[in-house]
Amino acid sequence: MAAMLHASDQEGASIQKHRSDPVDGLPLPRRYWAIVAISFGTGLLVLDGGIANVALPTIARDLGVTNSAVTNVVTIYQLVLVMVLLPFSSLGDRVGHRRLYQAGQLLFMAASALCLFASNFPLLLLLRALQALGAGMALSVSAAMLRQTYPANRLGTGMGINSVIVASSAALAPTLGGYIVANLEWQWVFVAAAPLAAVSLLLGRALPDPEPSERPAEWLSGLWSAGTMLLVIGGVQVATHEDLAAGAAATLAGLVSLWFLLRRERARIAPVVPVDLLAMPVLGLSALAAIACFVAAGALMLSLPFRFEDAMGYAPQEVGLLLLPFPLTMLVVAPLAGWMSDRIAPTKLGVTGMAIAIAGLLLLAFMPGDVGDYGIAWRLSLTAVGFGLFFAPNSRLLIGQAPRERAAAAGGLLSTSRLLGQTIAAVAVGILLAAGTGLGPMPLMVSCALAVVAALCSLARYQSVTRAGGTMATLRH
């Protein structure tokens, strides 16, 4: 443990040294306009990803499809996103981040406008795939542009602000979606985020200038990566919701494809699948910790509505209010954690955060049936404090410690980790519900175990710093 704490102190010293580096990032006031442009772009992606959930029953009735089939409106969006993030990150390095970011927003706006004319289910699924394609183009390079926008010694603050945008957009999505469904045609749900893209495009000249690379396009690796993700993630979703045998076969084929793809990518200088970054302990362990933490948070927020409604007797309209303390607390903690990560070793923040999250998850798992609204609220807020202290510092390390020319790949890796975590969380909660253990403490115990994994990854990451010779000199900034 002493060695781990010593490594964490070395990390703090590295951050102090980072402050003495020359000022970089965009000049003021251009930096502020770029932050606004990226914030609007991030907001639209998160908003569009969650706003459709409340409209699904209405869409099923209007288009004459089953409740199980209509969930494909959400799953196809997530599936396309996770397929294209890594290939588009590589493409962004080649054509320039700003160009790809704005092209993605234009495609998203066009697909959103066409959603107004979606009169049948296959057309709606096609347009949702196009929306996800545009969103993936923008999301794949947004973290890299954040790194170019902020000075190095303010990157943690930037990641904290970005976390606030994500949390607030996620909290707004179900409320806005419910209002639209109650007052307008359901098609408007898929247009609601488009104005944010328009604002981001109008401010686009403030974004970092594109710096295209002469490196040739990696079309084979990109298509191979997308197809592998389709088999793995799509297979898991099919196995969980439709056909176990077919889904398991697809997932197995995807894992075999992944093994051959990784062998190919190891020999490449700037691989689409960032095996070069994953081989660096500070980045590989940060990515693993991110996946574990996203699964833990996702399982928490997916399982609690079932417990509140089916096990504790709350009305459906009360469940959203009961969950509100979590995103509201994240809105406060995320920017504070980002600001602190520019000054305090991220390991200290991350491990402390996971310890707090574990305590909150245990309190939620074993809360009595008559705990009351206040008892639920403070337990959720405590848990959110823990997750908030972890996410921004871990993201700062993953983005900030990657080589500058691989910043887009690191950003794609972070976004892919989030989507993989959400997908795994949905599968895990579905399995627990099907097994009859989803309404008790079991989902939260799974979240607790994954929070422990995230904390251990953080400690192991900095133990590797000690083994590397007691300095951060081996890391490329």
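Every number here is computed from the coordinates shown, using simple stated rules; none is lab data. This structure is a prediction, so every number in the text was calculated from the model and none was measured. Neighbour counts are summed over all protein chains in view; Cβ atoms, including those assigned to glycine, are modelled from backbone coordinates with ideal geometry.
Odds and ends about this structure:
- Mean Kyte hydropathy of 1.6 or more with a Cα span along the axis of at least 30 Å, helices from DSSP in the chain: 281-306
- Listed from fewest to most Cβ neighbours within 10 Å, the set M367, M137 follows the order M367, M137.
- Each Lys or Arg adds one and each Asp or Glu subtracts one; over the other residues with Cβ under 11 Å from the Cβ of I399, this totals +4.
- Value of Rg/Rh across region 110-193 [Cα atoms, Kirkwood radius]: 1.09
- Shape call, region 140-245: gyration tensor on alpha carbons, a/c limit 1.5: oblate
- P(r) for region 46-201, from all Cα pairs and a bin width of 5 Å, is 1, 10, 17, 21, 21, 14, 9, 5, 3, 1, 0 %, short bins first.
- Taking label points 7 Å from Cα along the Cα-to-Cβ direction, R404 and L331 give a separation of 3.7 nm.
- Overall form of region 311-454 per C-alpha gyration tensor (a/c, 1.5; a/b vs b/c): prolate
- For region 287-377, the gyration tensor built on C-alpha atoms gives a prolate shape. Its axis ratio a/c (a ≥ b ≥ c) is at least 1.5, and a/b is the larger of a/b and b/c.
- Contour excess over end-to-end distance, with Cα ends at L321 and R264 and 0.36 nm allotted per residue: 15.6 nm
- Of the trypsin sites (Lys or Arg not before Pro) found in region 220-279, those in coil by DSSP whose Cβ has at most 12 other Cβ atoms within 10 Å are R266.
- Peptides ranked, highest mean first, by Cβ atoms within 10 Å: ranges 207-214, 125-132, 296-303, 333-340: 296-303, 333-340, 125-132, 207-214
- According to the Kirkwood relation over distinct C-alpha pairs, the hydrodynamic radius of region 37-132 is 14.3 Å.
- The equivalent ellipsoid that matches the C-alpha gyration tensor of region 220-272 spans semi-axes of 25, 9, 6 angstrom, in descending order.
- Extent of the chain along its three principal axes (Cα atoms, max minus min coordinate, largest first): 60, 51, 48 Å.
- Label-to-label distance, V371 versus A435, with points set 7 angstrom from Cα along the beta-carbon direction: 2.1 nm.
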